[in-house]
Amino acid sequence: MKKIFTLFVVAVAAVTMSAKTAESGSCGANLTWNFDSGTLTISGTGPMTDYSTDNLAPWFDLKDNITVLHINPGLTTIGDYAFYGLTKVANDVHIPAGVTYIGKYAFDVCVSIPSVFIPVVDSIGAYAFGLCAALNSVFIPYGVNRVGESAFAFCTGLKEVALSSTTGIGQYAFRSCTALERVADYSLYPQSNRDNIFEDVNVGQCELFVPVDEHAQTWYNKGIWDGFRQRIISSIEDMGNGFYHFYDFEEGSMRVAGEGMLPDNVYESMLHPSVTDPRFQVVSLSLPEGLTGIGKYYFGNYWYLDSLTIPEGVSVLKTSAFQNCYSLRTVTIPSSTVLIEDYVFADCYPLKTVYNYATAPQSINAGVFDRVNISKCTLYVPKGYKSAYEAAPVWQDFIIKEMEYPEAIEQPTSDSSLKGRANKVLRDGQLFILRNGKTYTTSGAEVK
């Protein structure tokens, strides 16, 4: 009897071990998955395995227990059917920068996901986010070349969509998105006139925001777009305190004009973003000469900003100035910067390279780079000052290298229409903006 009991215990242990083994494994040549306490985590590097209805992802059998999905930086593709049918996942999903393709049906029937960050991928596969009924808004960034057929079909809670100037849209892409209220298209020309993109959507209840451009306004009065209530996205924003933002939607760029200290923003500006906010189309940023500091939260949530050069003359970077710049890979800090407050680069997950021209390392707290893996980030410092950084808290945790041939930080254009206060003129009591030899009202309309 004792022998039988012993065999029973061994058998139960074997089953338990087998069950634990089934909660982790590989999902690509250099990718692994792990399930623990309701959380599915994907880690590693390279492409993910493509799955199918005949060969579903190995975690599919755990779908009723998976409530949180974490995808760590490093992978380069989201496989077909990767997270298909994970109906209980209810966290905000962040697809990391570096992913180039989101496979077909990748998040299909993930009915409880409230939001998803989509990086600059080459394409989004067919039905990739179909039936994601809890999605409230979708931002398709500059650089995405293709949105596949029915990619967001039957997202019945979707209220806002932002499209970039490079997006090709497949048929039925937003079919039966019956709650849709607002579409912002940053193209000067519509990508498609297919009349089935918004199949079964009452476009008459939707606002369509397009750039201030005579061509855009002409084209958007045709075909499928004709049914929307057209509104205008200005290419110029008056930010107050003598600062203006100039947007080039075709290039995904923004230029700041003004002098002095960029003012503090409010934390709430980083929450609940709207598709009509042009910052979500900004890939490149140019800051002006004469800038002395960057205020709290000012460039927070510039999700698609790829690289950043802070011009010489900037002495202070205030709290969370660039927090949540989810695509930021390279940062250049000038020698003039002496104060870097907490969380300035927090959540800039893909950061890989920092150039710091200061000969005396700034005194910073770990919170400056909160949730950035600085141990894998290279810090370039002036030649002869490596030892100073090796002794400085936080900076010493980077991979520190000296600049062999340090060059001056490239400064913004000296075009007087774009910098300082020369960009503003007062005529008959009305304020106008000068840009590249043209005159604009403060709302962005060109004065002929």
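The values are calculated or read from the model by the stated rules, or taken from the named source; none is laboratory data. Since the structure is predicted, the reported quantities are computational estimates derived from the model, not experimental observations. Counting neighbours? That spans all protein chains shown, and the Cβs are built from the backbone with ideal geometry, glycine included.
Is it true that some residue in the stretch 86-95 is small (Gly, Ala, Ser) and closer than 17 Å to Phe154 by Cβ?
Checking the stretch 86-95: not a single residue is small (Gly, Ala, Ser) and closer than 17 Å to Phe154 by Cβ.
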Given (1) within 26 Å of Gly258 (Cα to Cα); (2) surrounded by fewer than 22 Cβ atoms within 10 Å (Cβ to Cβ), number of the condition Ile374 does not satisfy: (1)
Residues of the stretch 100-148 satisfying the condition of being small (Gly, Ala, Ser), in a loop (DSSP other than H, G, I, E, B) and under 17 Å from the mean Cα position of the chain (by Cα): Ser115, Gly143
Near pairs, Cβ below 6 angstrom, 6+ apart or cross-chain, from the stretch 196-211 (assigned to a helix (DSSP H, G or I)) to any residue that is buried (at least 19 other Cβ atoms within 10 Å of the Cβ): Val203/Phe228
Conditions (1) modelled with pLDDT under 95; (2) surrounded by 16 or more Cβ atoms within 10 Å (Cβ to Cβ); (3) under 25 Å from Ile118 (Cβ atoms); number of the one not met by Ala321: (1)
Any pair with Cβ under 7 angstrom, 6 or more apart, that starts in the stretch 155-175 at a residue that is under 20 Å from Ser115 (Cβ atoms) and modelled with pLDDT under 95 and ends at one that is crowded, with 21+ Cβ neighbours inside 10 Å and among the charged types (D, E, K, R): Leu163/Asp185
Test: residue in the stretch 379-400 that is surrounded by fewer than 17 Cβ atoms within 10 Å (Cβ to Cβ), under 25 Å from the mean Cα position of the chain (by Cα) and not in a loop (DSSP other than H, G, I, E, B): no
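Condition check ((1) closer than 19 Å to Ala162 by Cβ; (2) charged (D, E, K, R); (3) in contact (Cβ under 8 Å) with a residue 24 or more places away in the chain) across all residues:
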| site | (1), (2), (3) |
| --- | --- |
| Val99 | yes, no, yes |
| Val109 | no, no, yes |
| Asp122 | yes, yes, yes |
| Val138 | yes, no, yes |
Residue, nearest to Gln205 (Cα to Cα), within the stretch 226-264, restricted to residues that are out of contact with any Ser or Thr (no Cβ under 9 Å at 6 or more places or on another chain) and among the polar types (S, T, N, Q): Gln230
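Report whether or not Val93 is within 20 Å of the chain's Cα centre (by Cα) and either among the small types (Gly, Ala, Ser) or closer than 24 Å to Glu251 by Cα (or both). Give the steps one after another, and end with the answer.
Numbers: within 20 Å of the chain's Cα centre (by Cα): yes; either among the small types (Gly, Ala, Ser) or closer than 24 Å to Glu251 by Cα (or both): no.
Here the answer is no, as Val93 does not meet what is asked.
Conditions tested, residue by residue: (1) surrounded by 20 or more Cβ atoms within 10 Å (Cβ to Cβ); (2) over 15 Å from Leu262 (Cβ atoms).
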| site | (1), (2) |
| --- | --- |
| Val316 | no, no |
| Arg329 | no, yes |
| Asp347 | yes, yes |
| Lys352 | no, yes |
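Among the residues that make up the stretch 334-344, is at least one of them on the phi > 0 side of the Ramachandran plot, surrounded by fewer than 17 Cβ atoms within 10 Å (Cβ to Cβ), in a loop (DSSP other than H, G, I, E, B) and within 27 Å of the chain's Cα centre (by Cα)?
Step one: filter the stretch 334-344 for residues on the phi > 0 side of the Ramachandran plot, giving 343.
Of the ones still in play, those that are also surrounded by fewer than 17 Cβ atoms within 10 Å (Cβ to Cβ) are none.
Scanning the stretch 334-344 turns up no residue that is on the phi > 0 side of the Ramachandran plot, surrounded by fewer than 17 Cβ atoms within 10 Å (Cβ to Cβ), in a loop (DSSP other than H, G, I, E, B) and within 27 Å of the chain's Cα centre (by Cα).
Filter the stretch 227-282 down to the residues that are assigned to a loop (DSSP other than H, G, I, E, B) and either without any contact (Cβ under 8 Å) to a residue 24 or more places away in the chain or surrounded by 21 or more Cβ atoms within 10 Å (Cβ to Cβ) (or both) and list them by number. Reasoning before the result, please.
First, pick out the residues of the stretch 227-282 that are assigned to a loop (DSSP other than H, G, I, E, B): 228, 234-235, 241-242, 249-252, 258-259, 263-266, 271-277, 282.
Matches in the stretch 227-282: Phe228, Ser235, Asn241, Phe249, Gly252, Gly258, Leu271, His272, Val275, Asp277, Val282.
Just the residues that are part of a loop (DSSP other than H, G, I, E, B) and among the hydroxyl-bearing types (Ser, Thr, Tyr), please, taken from the stretch 49-87. Spell out the reasoning first.
Taking the stretch 49-87 and keeping what is part of a loop (DSSP other than H, G, I, E, B), we get 49-51, 53-54, 56-59, 63-67, 72, 74, 76, 79-87.
Residues satisfying the conditions are Thr49, Tyr51, Thr53, Thr67, Thr76, Tyr81, Tyr84, Thr87.
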Checking Ala179 against (1) part of a loop (DSSP other than H, G, I, E, B); (2) touching a strand residue (DSSP E or B) at 6+ places or on another chain (Cβ under 8 Å), the condition it does not meet: (2)
Condition check for Tyr186: within 28 Å of Ser284 (Cβ to Cβ) and buried (at least 23 other Cβ atoms within 10 Å of the Cβ): yes
